[in-house]
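Have a look at the structure below, then the notes.
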Amino acid sequence: MSYMNNTNNNNNNFNNNFNNNFNNNFNNIVNYNIGGPLSEYKAPTLIGLTNLGSTCYINSVLQCLSQTKLLANYFLDNNTKIDEENKLAYAFQQLIKTLWNKDYNAVDRCGEKAFEPEEFIEIVIELGYHTKDKPGDPNNFLTDLLPKLNDNLKTNTKPTYYKKPDHYDRDSSRDSYLSSLQGDSIITKIFMHLNQDIQTCTNCYNSGITKNVYSYSMEYKFVVSLKEANDLKNSKQLEKTNYVTLQDCLYQYLKPSSLPMCSCSICQTISTLQISSSIDISPNVLILSLNRDQNWKCDVKVDFCEYLDITNFLYDKRNTQRYKLYGVITQIGNNANGHFIASCRSPIDGHWYKYNDSIVTRINDFVNEVANLGTTYILFYEKVTN
């Protein structure tokens, strides 16, 4: 059943949340102190990307990444030299430079101010990340792209995987992990996060670390099952709804669990282990991938907001941690023949713009032009530092 066919109360609550979160302050543009090469721009360049045959899902990801301030500043910096042998990273840098080229006035085959990323797409096809003229998924593309970029950009071959200690010492393990990143790439420094699970024996109540997620190839983004998040939320309330909040999603992602019939190394008994999960190191840019199971008709709406507070999900809750939305990837249509569009908040003027392949337009009503446009797939949030 479509979300829009639910009760009027549910639908009104959903739309009211968006109106309160966005439209009341939508045109309150702030003066961004962004530094780096982007500080030299007076206005956004607003260059589209031509669809080269079912590449809208790739274009939507690339536009959101190009509007990521830390990433754009890195690739626009004249000191960032990338060897042409690292094909993907080199082509990605050239693409970012083109999308931020102030003097770019070329039009594509559709007559729009847009760039045709043929070289980049050829490399993506060569790597097996895209099949020509075949629709793809932006979640899968991001999962392939970020680790490969990291491999191309690493300054040395030191692995980012950190072996967990025999005895849990949070400060030492965290410091060792951060130290291991010093030789890694800008991709890890921007997008990487560290989760941890702590298990507690129900017999002796001793706790120990069970998992540190240091594998950069898996943890650049949070992947949340909307079906599980919706089921979990509905199990806790009388009124059934067909939308979830990001807090529901994060709770599902980090929900407590238990492991029966385990041998405790401390008390030497067979007992149940209670497992609690949290975020130990939060990323500078938080990517939330909303997993819509292909075998389940997931029409769950996501009630997202401009600011996201993840403090309750951190291991260390002493300092508030907030993020601000700057990118949304939306799908229009179904999985078989849907179309992906990116909506991004410009780091230059603070306005929102819609990137529909070659066509770039300013967004004046976020609720109707983005939130209610189609199916929300990926959300990009940047860390608020003040």
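Worth pointing out:
- With all protein chains in place and a 1.4 Å probe, the accessible surface of the stretch 241-386 carries 46 percent carbon and sulfur.
- Protection proxy ranking, highest mean first, for peptides 84-92, 257-265: 84-92, 257-265, where packing is the per-residue count of other beta-carbon atoms within 10 Å, averaged.
- Debye log10 I(q)/I(0) at q = 0.17, 0.21, 0.23 Å⁻¹ for the stretch 32-151, Cα point scatterers: -0.89, -1.32, -1.51
- The stretch 34-148: relative contact order in percent, alpha carbon pairs under 8 Å with at least 6 residues between: 36 percent
- Links that overshoot a 18 Å alpha carbon limit, given the list LYS42/LYS69; LYS113/LYS148; LYS102/LYS148: LYS113/LYS148; LYS102/LYS148
- The stretch 327-386: C-alpha pair distances exceeding 15 Å, %: 52 percent
- In terms of accessible area, using a 1.4 Å probe and ignoring ligands and nucleic acids, HIS339, HIS351 rank largest first as HIS339, HIS351.
- Under-5 Å amide H pairs with VAL384, H placed in peptide plane, nonlocal only: ARG322, TYR323, LYS324
- Taken as Cα centroids, the stretch 53-120 and the stretch 248-287 sit 40 Å apart, rounded to the nearest whole angstrom.
The values are calculated or read from the model by the stated rules, or taken from the named source; none is laboratory data. Because the structure is predicted, anything quoted here is derived from the model rather than measured. All Cβ positions, even for glycine, are placed from backbone atoms using ideal geometry, and neighbour counts span all protein chains on display. Protein only, heavy atoms only, side chains kept; ligands, DNA and RNA dropped before computing areas. Shrake-Rupley method; radii C 1.70, N 1.55, O 1.52, S 1.80 Å.
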